[in-house]
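Chemist: This is the structure I want to talk about, given as structure tokens.
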Amino acid sequence: MLVLLTLFQNSYLWGTTPGVVPLSDGAGSVLAIGAAVTRFSTGSKVAATFHRQWLSGELSSLARISQIGAHTDGLLRQYAVFHEDDLVAVPSNCSFVQASTLPCAAVTAWNALFCGHRTLKPGDAVLTQGSGGVSLFAIQFAKAAGATVVATTGRLGGERESQLRQLGATTVLSYRDADWGKQVRAATGGRGVDFIVEVSGAGEQSAAALRLGGQIVIIGGDGGSGGSIFDMRRTMGELRRVTVGNRDQFEDMNRAIEANNICPVVDERIWTFEQAREAFEYAQSGKMTGKVVIQVK
Ligand SMILES: NC(=O)c1ccc[n+]([C@@H]2O[C@H](COP(=O)([O-])OP(=O)(O)OC[C@H]3O[C@@H](n4cnc5c(N)ncnc54)[C@H](OP(=O)(O)O)[C@@H]3O)[C@@H](O)[C@H]2O)c1
């Protein structure tokens, strides 16, 4: 059961193995299908899942080593052959450019907030850190779910802050302030936040920002600044580690994106296939606003 598609856009660079086509995220149209394919037809608009063969439930050891663009060929190419199980239909409100940004950062943010044993509820407070892809999606999802968002950035006072507020953050603070954790707590009336989408590994400050019994979802930053672990003694909080998510979660997220007309934030400059190297450098520079996308064709 194979689906052949042409990929229009890609984003997200992961540590790739030499000889493996890079980039984990992409979206495109189905060009042709095998006789036994039932999930899609020619012309379907699809995106690839980040972990191949992780359809639902717990992460298996096989799925763990099937990261697209790292262990298996990624999406910096025009054509690719996929098993139909490794693709999802993209949200109807998203362009190909927008949809190409969903497989890693968006699914990670969705998993962090809605797929643990404790899930985000209306009225909860969420802390996001910086303006990377995961954090921007987390703000949009949290806002749509009726939560309040406290966001941090290293660029307070400029366009970055306005963008975070526009997306749904009610308070924006600087992670360059030594006591930003305390400031987050103050911004929630002293209670602390229910969820922290932890991308920075700011252990001490995050622990200071968490409410009693809250949850820190570790996405990046190795779970603690300088390799130390979070001190959860004061809050009796929980730590949960997330690695992107499964296909069911991706499909649930896409329904929410459609229902709430959520538009992924994409940097205004779209790069060509020939400019891929510059696009990577640009993404590394941190100058972008939102996801960096390469349009292959
Ligand atoms: N576990 C998973 O499944 C998973 C999935 C995706 C990504 N990740 C990891 O999650 C992290 C974030 O990835 P991403 O793609 O969303 O973002 P990214 O592109 O790596 O993040 C860039 C942003 O990080 C912010 N930043 C820099 N230093 C910071 C600090 N000390 N504290 C808080 N924010 C800081 C900056 O925001 P400002 O410009 O606003 O200052 C910058 O724009 C990375 O480590 C990535 O490898 C993990």
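The values are calculated or read from the model by the stated rules, or taken from the named source; none is laboratory data. This one's a predicted model, so the numbers in the text were calculated from it and none came from an experiment. So basically every Cβ, Gly included, is an ideal-geometry build from the backbone, and we count neighbours across all protein chains shown. What goes into the accessible areas is simple: the full protein's heavy atoms, side chains included, and nothing from ligands, DNA or RNA. Shrake-Rupley method; radii C 1.70, N 1.55, O 1.52, S 1.80 Å.
Chemist: Which number in (1) within 12 Å of the ligand (Cβ to nearest atom); (2) closer than 27 Å to ALA99 by Cα; (3) in contact (Cβ under 8 Å) with a residue 40 or more places away in the chain; (4) crowded, with 22+ Cβ neighbours inside 10 Å marks the one condition that THR153 misses?
Modeler: Of the numbered conditions (1) within 12 Å of the ligand (Cβ to nearest atom); (2) closer than 27 Å to ALA99 by Cα; (3) in contact (Cβ under 8 Å) with a residue 40 or more places away in the chain; (4) crowded, with 22+ Cβ neighbours inside 10 Å, the odd one out for THR153 is (3).
Chemist: OK, next. Just to confirm my filter: which helices (runs of 4 or more DSSP H) fall fully inside segment 201-297 and include at least 1 residues that are over 30 Å from ALA186 (Cα atoms)?
Modeler: 247-259, 276-285
Chemist: Same structure again: Consider only pairs whose beta carbons are under 7 Å apart and that are at least six residues apart or on different chains; among these, list those whose first residue lies in segment 278-297 and is at pLDDT below 90 and whose second residue is of a type in the set (Ser, Thr, Tyr) and open to solvent by less than 50 Å² (accessible area, probe 1.4 Å).
Modeler: As it stands, the answer is LYS297/THR6, since those pairs meet every condition given.
Chemist: Is there a residue in segment 102-125 that is open to solvent by less than 10 Å² (accessible area, probe 1.4 Å), modelled with pLDDT of 95 or more, in a loop (DSSP other than H, G, I, E, B) and not hydrophobic (A, V, I, L, M, F, W, C)?
Modeler: Among the residues of segment 102-125, not one is open to solvent by less than 10 Å² (accessible area, probe 1.4 Å), modelled with pLDDT of 95 or more, in a loop (DSSP other than H, G, I, E, B) and not hydrophobic (A, V, I, L, M, F, W, C), which makes the answer no.
Chemist: Something else now. Output the residues belonging to segment 54-64 that are open to solvent by 50 Å² or more (accessible area, probe 1.4 Å) and either outside any loop (DSSP other than H, G, I, E, B) or under 11 Å from THR17 (Cβ atoms) (or both).
Modeler: Within segment 54-64, SER61, LEU62, ARG64 meet the criteria.
Chemist: Would you check if GLY74 is open to solvent by less than 50 Å² (accessible area, probe 1.4 Å), part of a loop (DSSP other than H, G, I, E, B) and free of Cβ contacts under 8 Å to residues at least 24 places away in the same chain?
Modeler: Answer is no for this residue.
Chemist: So if I check each of ALA178, ALA142, ALA186, which one is small (Gly, Ala, Ser) and either near the ligand (Cβ under 10 Å from one of its atoms) or in a loop (DSSP other than H, G, I, E, B) (or both)?
Modeler: One residue alone meets the criteria, ALA178.
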